[in-house]
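The values are calculated or read from the model by the stated rules, or taken from the named source; none is laboratory data. Keep in mind that what you see is a predicted model, and the values were worked out from it rather than measured. All Cβ positions, glycine included, derive from the backbone under ideal geometry; neighbour counts span all protein chains shown. SASA here: full protein model, heavy atoms, side chains in, ligands and nucleic acids out. Shrake-Rupley method; radii C 1.70, N 1.55, O 1.52, S 1.80 Å.
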Amino acid sequence: MTEQKRKPEKLTGVKGMNDILPQDAALWDFFETTVKSMLRSYGYQNIRTPIVEHTQLFTRGIGEVTDIVEKEMYSFTDALNGENLTMRPENTAAVVRASIEHNMLYDGPKRLWYIGPMFRHERPQRGRYRQFHQVGVEALGFAGPDADAEIILMCQRLWDDLGLTGIKLEINSLGLAEERAAHRVELIKYLEQHVDLLDEDGKRRLYTNPLRVLDTKNPALQDMADKAPKLIDFLGEASLAHFEGLQRILKSNNIPFKINPRLVRGLDYYNLTVFEWVTDKLGAQGTVAAGGRYDPLIEQLGGKPTAACGWAMGIERILELLKEENLVPEAEGCDVYVVHQGDAAREQAFIVSERLRDTGLDVILHCSADGQSASFKSQMKRADASGAAFAVVLGEDEVAQGVAGVKALRGNAAEARSEQQTVAFEDLTEYLINAMVASAEDGED
Ligand code: ATP
Ligand code: MG
């Protein structure tokens, strides 16, 4: 019997972890460039921490009774040394860990930002993935409401810079630990009266994290949650003053907001200010950014007591909004595509391409799929499809004469001069740069 040759099975990516394909590159670029320029305009500095941390950082930092720690973490034991490790589900705990570890908080406050992938084992759906990306800021060492206001203003500026409208701000205050403790007693009493209504999560959290019961998305619980004792009624003078201070700055900067007494946030480390930026254009996953103050965290992770606040933004959800609102920038092609035929021309094409790149032009040098020399016609098709502004043509004759053919491929320049121009090698870079400038000016008319 002859052995049948089987085609190897196709492999697929991990569920909920997406490939970001070249067709979306311009969109990601636009977002990243815009957000980085906004962050720079507020004097924030970039910090990059590893993807993997000790599991303990998150159990201690985020809180045991949270969605993330209870059921969403990608945790594993390092097979080589037995350490318990976790792929970061969020980055605040890691930034704080790094700030403590590198004594960054001894010479005054720090304004930090990060960007990168986060990992949570959630049920994948629109706007909810297992690997997703966040950009975030952490303002470490600032106790007053001015820091809360600053990080909120940053978000508004970003929406403006991106051209996004209709993202609404909701704020709340979680007060101080002792105020939450007094509220908790009343809240548990209230929830006990409604225990029959509670879903499985709610019953489990009644005594461990009752505040989170109010953060439910279960429609059957909305009315009960709306009527529950409100934390804001338990706040003391200092907490109220902080909250009012924030509102004053928001108002004087014309940032509209709504106070949402049920906004509690899913992470344990928050106190005083919490906020979310929400849109109704994305269906159920409408929160695009969320944050607040987390004064207790730094001491909790072994640092000296330091006030802090920050936010994290879900990049996929914002890109989805940009698509929804037709704010996707057009992808830009290369400046030049070099086509060539014959050994001598290929050799020259390499040299010409490198010389063009030296001057800052972006150049694609034709390379055939099968290793054979393709016809000029098929190479020109590639040049057109590449989106390049100009084709540079090198054949045996051109190389022998020390010249190149230049053909405009796009825009007004292409219509006006569809004929191929002949340009001497030594004039080629200057010719192309002038032509690029001229066609950019045409485009502005
Ligand atoms: P949600 O209530 O939607 O689960 P969360 O409270 O868990 O959000 P945070 O931990 O505050 O979210 O993260 C900040 C932001 O990161 C969210 O507002 C959202 O935009 C984004 N985000 C969170 N989880 C995911 C996910 N699984 N996929 C895509 N984006 C996410
Ligand atoms: Mg979540």
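Taking Lys and Arg as +1 and Asp and Glu as -1, the other residues whose beta-carbon sits under 15 Å from that of E396 total -3. Relative contact order of the chain, please, whole-number percent, based on alpha carbon pairs below 8 angstrom and at least 6 residues apart. Rounded, it is 14 percent for the chain. Lysines within cross-link reach of K258: Cα-Cα under 16 Å, excluding same-chain residues under 8 positions apart? Output for K258: K168, K230. Taking only protein heavy atoms and a 1.4 Å probe, the accessible area of the chain is 49% carbon and sulfur. Roughly what % of Cα-Cα distances in the stretch 336-434 sit above 16 Å, to the whole percent? Tail of the P(r) past 16 Å holds 51 percent of the pairs. Given their separation in residues at 0.36 nm each and the Cα-Cα distance between them, K281 and F350 gain 19.9 nm when the chain is fully extended. With contributions of -39500 (n - 2.57) from each DSSP H run of at least four residues, the per-residue ellipticity at 222 nm computed over the chain stands at -11500 deg cm²/dmol. Largest mean-square fluctuation among D362, D370, D201, in a Gaussian network model of the chain whose springs join Cα atoms under 10 Å apart, belongs to D370.
Estimated at the nearest 10 Å², the accessible area of M436 is 40 Å² with a 1.4 Å probe.
With only the Cα atoms considered, the stretch 48-185 has a convex hull volume of 173 Å³ per residue.
Across the stretch 223-287, Cα-Cα distances exceeding 15 Å account for 64% of all pairs. Think of a 1.4 Å ball rolled over the protein heavy atoms: the chain then has 53 Å² of accessible area per residue.
Annotation: amide H-H contacts under 5 Å for L174 (H modelled 1.01 Å from N, sequence separation of 5 or more, or interchain): L272, T273, V274.
Counting only residues at least eight positions apart within a chain, or on another chain, the aspartates and glutamates with an alpha carbon under 16 Å from that of K304 are E101, D107, D295.
Say R0 is 25 Å: what FRET efficiency, to the nearest 0.05, do E332 and D358 get from their beta-carbon distance? Calculated transfer efficiency: 0.80. Each listed q (0.10, 0.20, 0.21, 0.22 Å⁻¹) maps to a log10 I(q)/I(0) for the stretch 262-345, found by the Debye formula over equal Cα scatterers with no solvent: -0.48, -0.95, -0.99, -1.03. For the stretch 175-180, putting each phi into the Karplus relation 6.51 cos²θ - 1.76 cosθ + 1.60 with θ = phi - 60° gives couplings of x, 9, 3, 5, 5, 5 Hz, in residue order, rounded to whole numbers and with x for Gly and Pro. For trypsin sites (Lys or Arg not before Pro), the sites in the stretch 279-373 that DSSP calls loop and that have at most 16 other Cβ atoms within 10 Å are K281. Estimated at the nearest 10 Å², the accessible area of T34 is 20 Å² with a 1.4 Å probe. Compared with the direct C-alpha span, the chain from V437 to K381 gains 17.7 nm at full extension, assuming 0.36 nm per residue. The alpha carbon gyration tensor of the stretch 1-59 gives principal lengths a ≥ b ≥ c with a/c of 1.5 or higher and a/b no greater than b/c, which makes the shape oblate.
Where Rh denotes the Kirkwood radius from the mean inverse Cα pair distance, what is Rg over Rh for the chain? With Rg and the Kirkwood Rh in hand, the quotient comes to 1.11.
Which GluC sites (Glu not before Pro) in the stretch 44-75 pass both tests, a DSSP loop state and at most 15 other beta-carbon atoms within 10 Å?
In loop regions of the stretch 44-75 (DSSP not H, G, I, E or B), the sparsely surrounded GluC sites (Glu not before Pro) are E64.
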